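Please treat every number below as a calculation from the coordinates, not as lab data. Since the model is a prediction, treat every value here as computed from it, not as a measurement. No Cβ is skipped: glycine too gets one built from the backbone with ideal geometry, and neighbour counts run over all protein chains shown.
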Amino acid sequence: MNVLSRYITATFFKLLALTVSSFVGIYLIIDFLEKIRRFSHGNGNPQYIVIYFLYKMPAIINQIMPLAVLMSTLLTLGILSQSSEIVAMQSCGISLKRIVKPLLVIAFLLSIFTFFSNEAIIPNTSQKLKYIQEVLIEGKNPSTFFRLNNIWYRDKNYILQARLFIPTTWTLKGVTLWQTTNEMQPIKRLEAEDGVWNGSSWTLKNVVERSFSDGKVTEISKTASLPVPLQLKINDLKIWDKHADDMGFFKLKRYTEKLRKAGYDATKYQAQMYAKISMPFACLIMAFVGIPFSLRGGRSSGIAVGIGLSIGIGFAYFIINAILISLGETGILPPMVSAWAANFIFALSAIWLTLTMHH
């Protein structure tokens, strides 16, 4: 890395640190004001509240990173243009491509980092975040393991294990329910294809019931439908469609494959799955978009213009991307197309702006 690249990189990172910290601070303040009343109705322990927001920071950083990269790119090139440093560089024979190359490389590396953060960091912090909020702060039942598959639940003398949960139909798939004595000796084992929630209780479908005595099977019977007195609630499971946001690409891919094999429509989750790849690369797209916008303004583009442009472009991207992904979730567009369409549209816009820019 030569002196010019180091200078541009250092300027960019200073502005990136400033924009990220500013966005995170604004996000935390708004989120705190929104949640403080609800948290105060629970245990309201200040220590848990502080830990909650600390665990939320990785997800916040990932969400705001594309906008932060866009703003940092606009401000970096805008400041260099305003001080005539870009003109000086070009007069020395340095091409525009050479000037902006460090910014694109950094944006690409940030895209890779965001992707791996979504895979390795966010799922773990999200689980801990939910536990802190719902168990430590709001005092809810801690006995449920919050995830979409391989669910375990204990309720007094019952132990439930389910292979899969379908949020849209409130159905547990591949259910095994043990009834035990207080000494944890098995009395009955129920194996069912489905466990269906009707709004107030659970009913097992296509049940094979085995009764035990002294650890040995004494009776086997089959039942088409059997109500069970479980206290497990849908709210306890906390498995909603939005929780797919907390899953990485590979975990969500495995889940969609399970849904398809079970005969369910996985289109919605496929769109979200492809978005797990496309969204991190929004960092690179935003840097690419920011370059022609910042250079078109020349010396007239200052800090205020850069901030205004970045907020406008960023919001336009997120709104268009959300609309396109929702079209993919409903099957109007192919899932992969809906996930990548916004990146493609903004990349083409950046190419057009670059080609029509007067050097």
How tilted is helix 46-82 with respect to the longest principal axis of the chain? Cα atoms for both, answer in degrees (0 to 90, nearest 10).
20 degrees
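I'd like the Kirkwood hydrodynamic radius of the stretch 78-138, using the inverse of the mean 1/r over distinct C-alpha pairs, in Å.
Averaging 1/r across every pair of different Cα atoms and inverting gives 15.2 Å.
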Between the Cα axis of helix 96-120 and the main Cα principal axis of the chain, the angle (0 to 90°, nearest 10) is 10 degrees
In the chain, if every C-alpha pair distance is counted and binned at 20 Å from zero, what percent goes to each bin?
24, 44, 23, 8, 1
Which of Ile320, Ser5, Leu75 sits closest to the plus end of the dipole of the chain, meaning its Cα is farthest towards the positive end, when Lys and Arg get +1 and Asp and Glu get -1 on the C-beta?
Ser5
Could you name the lysines whose alpha carbon sits less than 19 Å from that of Lys276, not counting residues in the same chain fewer than 8 places away?
Lys56, Lys242, Lys251, Lys253, Lys258, Lys268
Would you count, across the stretch 149-237, every pair of lysines whose alpha carbons are under 15 angstrom apart, provided the pair is eight or more residues apart or spans two chains?
6
Mind checking the dipole of the stretch 149-237: about its Cα centre, +1 per Lys or Arg Cβ, -1 per Asp or Glu Cβ, Debye to the nearest 20?
80 debye
Expressed as a rounded percentage, what relative contact order does the stretch 149-237 have, with Cα pairs under 8 Å and six or more residues apart?
20 percent
Over the chain, the sum of -39500 (n - 2.57) across DSSP H runs of at least four, divided by residue number and rounded to 500 deg cm²/dmol, gives at 222 nm -20000 deg cm²/dmol
Set Lys and Arg Cβ to +1 and Asp and Glu Cβ to -1, take the dipole of the chain about its Cα centre, and tell me which of Gln179, Phe344, Ile332 lies farthest positive.
Phe344
Of the residues Asp194, Asp246, Asp155, which exhibits the maximal mean-square fluctuation in a Gaussian network model of the chain defined by a 10 Å Cα contact cut-off?
Asp155
Please report the orientation-averaged projected area of the stretch 149-237, defined via the convex hull of its C-alpha atoms, in nm².
5.5 nm²
Long-range amide H contacts for Asp155: which residues qualify at under 5 Å (H placed 1.01 Å from N, peptide plane, sequence gap of 5 or more or a different chain)?
Leu160
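Could you work out the relative contact order of the chain, using alpha carbon pairs under 8 angstrom and six or more residues apart, expressed as a whole percent?
19 percent
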Order of 97-105, 275-283 by packing, highest average Cβ count within 10 Å first?
275-283, 97-105
Using the number of other C-beta atoms within 10 angstrom as an exposure proxy, rank Tyr7, Tyr52 with the fewest first.
Tyr7, Tyr52
Separation of the Ile277 and Leu104 label points, Cα + 7 Å toward Cβ, nm:
2.2 nm
Putting +1 on Lys and Arg Cβ atoms and -1 on Asp and Glu Cβ atoms, find which of Val105, Pro229, Tyr269 reaches farthest to the positive end of the dipole of the chain.
Val105
Could you work out the relative contact order of the stretch 8-125? I mean the mean sequence separation of Cα pairs under 8 Å and 6+ apart, divided by the number of residues, in percent.
44 percent
